[in-house]
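Bear in mind that the values in this text are calculations on the coordinates, not laboratory data. What you see is a predicted model, and the numbers here were worked out from it, not measured in a lab. All Cβ positions, even for glycine, are placed from backbone atoms using ideal geometry, and neighbour counts span all protein chains on display.
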Amino acid sequence: MKKLLVSVSVLVTVALMIWGYYQAMYAAPMEATMGDVQRIFYYHVPNAMLAFLFFAISFLASLVYLATRRSNAPVAQAADAWALAGAEVGVIFCTVVLTTGPLWGRPVWGIWWTWDARLTTTLVLWLIYVSYLLLRKFAAGPQMQTLAAVLAVFGALDVPIVYMANRWWRTQHPAPVFGGGDDSGIKDPHMLAAFGWNVLSWAVWGLLILVFRVYVERRQQKIENARAAAALAAE
Amino acid sequence: MRIGAAVVIVLGVIGYLAFTAQASNKSYFVTIPEMAGMGDKAYSANLRLDGFVKPDTIQQAGTHVNFVLTQFESHNPKATGDALNVKVVYDGTEPPPDTFKGDAQALAIGTYGRDGVFHATQLQAKCASKYAPAAPGAAPAGSAAPASDKRASAAPAPAPEQVNNTTTAGQ
C-alpha cells in the first residue's frame, strides 16, 4: 500500500513537471521585448516563491523544536526533522533562483550580477541556510539542534527583507510582476497558465522531497537512539 | 528569553531599515534630475545614472557607443523640450546588451565630466516586469541573430570617426 502510494505520487509529480516544462517552453507565447529568454521567468519566480515557503516550514518547525525541546522530546525530534528537511529543500530552490537569475540578467541587463538590495539579500539568505546545513553536518546532539533552530529562526527573518527589497529600495532587479505597479504584470492567459503550472509542479515536487527527507531523517533518529541505548546498556 | 531579546533586536533593525527606506532609497542609482541637483559633487563621484535611451540617438561602433539619456520615455506626456537630457559616451570592454535600444531604461556607470558629457565605462539595461506576447512575425531582441555574430562584428572596434548609425538588433 505504501509502495503504491509512493509510486503514484512520484508518477504524478513527474507528469506535472513534464507538463509544466511543456507549458513554459512551448505553450506560452514568446515575450515581446526579451524574446525566448523571458521563459526563465517560469522557473525563476516559482522557485523563489517556493524557497520562501520551505524556509517558512523550516522556521515554524524550528520554533516548535525550541518550544518543546525540554517539555516534549518526541515532538521536538519530529520538529527537528521537518526543520532540517525544509531548509534542505529551500536551499535547492534558492540555488535555482540564484542560478537562473544571472542566466537571465546577462542577456537582458548585460551583467551577470550586481550588488543591489534584492540580489544581495537573496545571496545572504542562501548563505545563512547553507551555514545552517553545515552546522548540522559538523556537529551533533541536542546542543547542535538548538543552535540550528536559532539559526533557522534568524535566517527566516531575512525572508521578508528579500521579499520587500525591491519595494523598499531602488534595485537593478525589476519590480514584482504581481502587484508591482503600472510597469508590471501579465495579462496573457497562456503566460499566466505556464506560470501557475510551474508553481504547482515545483510545489508538488518540493513537498514530495520534503516528505521523503523527513521519513529518512526520522529513521536516522531511531537508529541513533537505538545506538545510544545500546551504548548505555553495554556500560 | 535570550532568544526573545535577540529577535526583538533583529526585528528592531528590520523596522529601522523599513522606516529609513525612503532616505536610503537613492543608493543604487541616481536619476538625471538628482544628478543635476548634486552641484559640484556630481563631477567627483562615480555614479550609476538612470534614464531612458532617447530613440534614434544611439551611435554604435563596437564597444564605443554615443547616445542621449533622457528623463522620460518618448511616449510619456512629460517628455517635452523641458525634459533633462545627458549625452553619454560609453567606452567599455563589451558591446551593450541587445535590450539596449531606444526608449529602454538604462543605467550608465561612470563619471560626469565638466564638459557636460557622462563618460560611462559600463552600461546596464533595466527590464520591466510586464510581459506581453510578441506580435506574430516580429523579432524581439533575444531571438535575433546569435550572440556569436554580434561579437564577431563588434570585435574589431573601429575608430570613433567611423561611427556608423547601426542600432542594436531588433529595431
Subject >> Vicinal HN-Hα couplings computed from phi for the range A:173-188 (Karplus, 6.51 cos²θ - 1.76 cosθ + 1.60; Hz; Gly/Pro x) >> reply: 4, x, 4, x, 5, 9, x, x, x, 5, 8, 10, x, 10, 10, 5
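Taking the Cβ of residue A:145 as the centre, find all other residues whose Cβ is under 11 Å away and add up their charges (Lys, Arg: +1; Asp, Glu: -1).
On the way: positive: A:69, A:136; negative: A:80.
So the environment of residue A:145 carries a net charge of +1.
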Subject >> Inter-chain Cβ neighbour average for residues B:95-104, partner chain, 10 Å >> reply: 3
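Could you tell me what % of all Cα pairs in the range A:110-235 have separations over 18 Å? Display every interim value, and only then the final one.
Details: 5734 of 7875 pairs.
Looking at the range A:110-235, the distances longer than 18 Å represent 73 percent of pairs.
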Original post:
So how far apart, in nm, are the two label points at residue A:167 and residue A:120 if each is 7 Å from Cα heading toward Cβ?
Top reply: 2.1
Subject >> Contour minus Cα-Cα distance for residue A:183 and residue A:135 (0.36 nm per residue) >> reply: 13.0 nm
**OP:** Under a 10 Å cutoff between Cα atoms, tell me which one of A:139, A:156, A:85 has the largest fluctuation in the Gaussian network model of chain A.
**Re:** A:139
Subject >> Cβ-derived FRET efficiency at R0 60 Å, residue A:200 paired with residue B:31, nearest 0.05 >> reply: 0.90
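Take the Cβ-Cβ distance between residue A:230 and residue A:25 as r, set R0 to 45 Å, and report the resulting FRET efficiency rounded to the nearest 0.05.
Values: r = 54 Å, r/R0 = 1.19.
Efficiency computed from Cβ-Cβ geometry: 0.25.
What fraction, in whole percent, of alpha-carbon pairs in the protein assembly as shown exceed 42 Å separation? Show your work: numbers first, answer last.
Details: 22101 of 82215 pairs.
More than 42 Å apart: 27 percent of the Cα pairs in the protein assembly as shown.
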Original post:
Local charge sum around residue A:229 (other residues, Cβ-Cβ under 14 Å, Lys/Arg +1, Asp/Glu -1)?
Top reply: 0
Subject >> Burial ranking of peptide ranges B:97-109, A:219-231, A:113-125 (average Cβ count within 10 Å, highest at the top) >> reply: B:97-109, A:113-125, A:219-231
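Give me the dipole magnitude in Debye, nearest 20, for the protein assembly as shown about the Cα centre, with unit charges on the beta carbon: positive for Lys and Arg, negative for Asp and Glu.
Details: 30 positive and 25 negative charges, 301 e Å.
Its charge dipole is roughly 1440 debye.
Can you tally the net charge around residue A:129? Count Lys and Arg as +1, Asp and Glu as -1, for every other residue whose Cβ sits under 15 Å from the Cβ of residue A:129. All intermediate terms of the calculation are to be shown ahead of the outcome.
On the way: positive: A:136, A:137, A:213; negative: A:88, A:158.
Surrounding charge for residue A:129 is +1.
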**OP:** Springs between alpha-carbon atoms under 10 Å, Gaussian network over chain A: tell me which of A:88, A:217, A:31 tops the mean-square fluctuations.
**Re:** A:31
Original post:
Across peptide A:163-171, what mean number of C-beta atoms from other chains lies inside 10 Å of a residue's C-beta?
Top reply: 4
Original post:
Tell me, what is the FRET efficiency for residue B:121 and residue A:10 to the nearest 0.05, using R0 = 45 angstrom and their Cβ-Cβ distance as r?
Top reply: 0.30
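Just the number, please: percent antiparallel of the DSSP beta bridges in the protein assembly as shown, rounded to the nearest 5.
Numbers: 27 of 36 bridges.
Restricted to the protein assembly as shown, the bridges split so that about 75 percent are antiparallel.
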Original post:
By how many degrees, between 0 and 90 and to the nearest 10, does the Cα long axis of helix A:189-234 differ from the longest principal axis of chain A?
Top reply: 10
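Using 0.36 nm per residue, how much length does the chain from residue B:8 to residue B:41 gain when fully extended, once their Cα-Cα distance is taken away? Mind dumping the intermediate values first?
Working: separation 33, 0.36 × 33 = 11.88 nm, distance 3.90 nm.
Net length gain for the segment: 8.0 nm.
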Original post:
With labels modelled as points extended 7 Å from the Cα through the Cβ direction, what inter-label distance (nm, one decimal) is found for residue A:127 paired with residue B:59?
Top reply: 4.4
